[in-house]
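Written below as structure tokens is the structure these notes are about.
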Amino acid sequence: MSVVTKDTIQPSSGQALTIKDEGGTASITVQTDGDLTLAENAYLGSGKGIYFDGQTTSANFLDDYEEGTWTVASPAGNTDTQTGIYTKIGRVVICNIYFKFSSTDNDTTQVTVNLPFTVGHVVGETLSSSGAISYWSALNGSRTSMGILALNGEANALLTHSVSNTNNDFMLANTMNAAFKFVASITYFVA
């Protein structure tokens with residue numbers, strides 16, 4: 001290894017540059033081709049992130065990654081089970097929801113569930129994002145499909161249903177039996 005200038009360290013030809021921790025274990029290694037290997041976690045300060053593809057514009061900047069859970073709630077009735085798991089990467093949030101009611105309000109309240117973050121605006125659209133409900137049970141009458149629809153500027157989503165292949169509408173509390181349950185997933189941009 002040689003010191004090229006007071007600010008530059010260059011390994012000998014064919015040799016990697018290794019920085020070891022106090023116990024002598026390699027912590028950071030710079031390979032001869034420039035690849036960097038970290039043996040432990042990397043911690044970024046508040047407001048710091050990673051630029052991709054050698055760019056310096058905000059479109060190529062990742063400054064947030066988060067995984068977590070939230071308490072899924074709905075004003076359309078009382079719940080028996082409510083599970084929400086999310087992953088947030090930059091502005092994108094991916095949610096998986098399992099929800100089971102123990103009783104429902106037998107009225108015309110629209111069935112909504114809350115989301116972990118406020119939904120962001122998609123240019124030119126009022127409705128921001130939609131998702132899929134892959135499983136449901138305990139509805140009054142039959143349905144050919146169900147979905148979940150997030151609204152701009154809101155931290156909740158509406159459930160939708162279709163009685164026939166040509167009729168899609170918002171679901172109301174009086175269409176659910178007391179033990180209505182569903183499994184849904186939705187991906188959206190945060191505000």
query: Within segment 56-68, is even one residue in contact (Cβ under 8 Å) with a residue 40 or more places away in the chain and either within 30 Å of Ala184 (Cβ to Cβ) or within 36 Å of the chain's Cα centre (by Cα) (or both)?
result: yes
query: For segment 31-56, which residues satisfy the criterion of being surrounded by 10 or more Cβ atoms within 10 Å (Cβ to Cβ) and among the β-branched types (Val, Ile, Thr)?
result: Thr32, Thr37, Ile50
Candidates Ser74, Ser27, Ser102, filtered to the one that is polar (S, T, N, Q), in the same structural domain as Phe170 (by TED's automatic domain parsing) and assigned to a strand (DSSP E or B): Ser102
statement: By residue number, the members of segment 122-138 that are surrounded by 16 or more Cβ atoms within 10 Å (Cβ to Cβ) and either at pLDDT below 90 or not assigned by TED's automatic domain parsing to the domain that holds Arg91 (or both) are Ser128, Ser129
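Say we look at segment 174-187 and pick out the residues that are of a type in the set (Gly, Ala, Ser) and surrounded by fewer than 20 Cβ atoms within 10 Å (Cβ to Cβ); which of these is nearest to Thr109 (Cα to Cα)?
The residue in question is Ala178.
Okay, residues lined up against (1) in the same structural domain as Asn174 (by TED's automatic domain parsing); (2) of a type in the set (Phe, Trp, Tyr); (3) under 21 Å from Ile148 (Cβ atoms); (4) not in a strand (DSSP E or B):
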residue: Gly34; (1), (2), (3), (4): no, no, no, yes
residue: Thr37; (1), (2), (3), (4): no, no, no, no
residue: Tyr86; (1), (2), (3), (4): yes, yes, yes, no
residue: Asn96; (1), (2), (3), (4): yes, no, yes, no
residue: Asn106; (1), (2), (3), (4): yes, no, no, yes
residue: Pro116; (1), (2), (3), (4): yes, no, yes, yes
query: Taking segment 50-71, which residues are part of a strand (DSSP E or B) and not hydroxyl-bearing (Ser, Thr, Tyr)?
result: Ile50, Phe61, Leu62, Glu66, Glu67, Gly68, Trp70
message: Here is a list: Val190, Val92, Val119, Val111. Which entry is in contact with a helix residue (DSSP H, G or I) (Cβ under 9 Å, 6 or more places away or on another chain) and either within 30 Å of Asn60 (Cβ to Cβ) or surrounded by 19 or more Cβ atoms within 10 Å (Cβ to Cβ) (or both)?
response: Val111
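The values are calculated or read from the model by the stated rules, or taken from the named source; none is laboratory data. Just so it is clear, the model here is predicted, and its values are computed rather than measured. No Cβ is skipped: glycine too gets one built from the backbone with ideal geometry, and neighbour counts run over all protein chains shown.
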